[in-house]
């Protein structure tokens, strides 16, 4: 086989690899309404130009359950569990639960943030490895009397956590969906729905 043909095959291979869409699997834990799953699916497909599949519903693992300040499930334990159950055909897996989830917030030295009784078991909207293959979001803290507000929060949180999986850190841009929530849902509500130009360049 001559060099021009080999070079053409190489280019074709590179092009097919670079344009192959990533496959995200949504893993519902417990009773998650279909409308919420549909909102997440459509938005991830649009934002990341990827394929999304919905996996069979599973019960949330009891091994992640804690009752320190209130009944919650540890988000870090759920990330590990999701990796274990992730099908090989899935690139990233996003868990969705209606249960409250939590982490231990730490300072730059790795110590529990003060006051410890507040941050040892801190309720969150979502968590994702950065980079990694699993993330988890909870609808527990996203509820609102206005259904559109709830949907918008769901869109932003799911895109945010998959963004962490892709290697994105928190972004200082106020319009970027990757900005840090800084412990309040108000930040999420003010954030844009998409990635800023700098974050898009990083994943592209």
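The values are calculated or read from the model by the stated rules, or taken from the named source; none is laboratory data. Everything quoted here is computed from the prediction, not taken from an experiment. Ideal geometry is used to build each Cβ from the backbone, glycine not excepted, and the neighbour counts take in all protein chains shown.
Can residue 80 be described as surrounded by 14 or more Cβ atoms within 10 Å (Cβ to Cβ), at pLDDT 95 or above and assigned to a loop (DSSP other than H, G, I, E, B)? In short, no. Restricting the search to helices (runs of 4 or more DSSP H) fully inside the range 101-204 and requiring at least 3 residues that are crowded, with 17+ Cβ neighbours inside 10 Å, in contact (Cβ under 8 Å) with a residue 40 or more places away in the chain and in contact with a helix residue (DSSP H, G or I) (Cβ under 8 Å, 6 or more places away or on another chain) gives 147-165.
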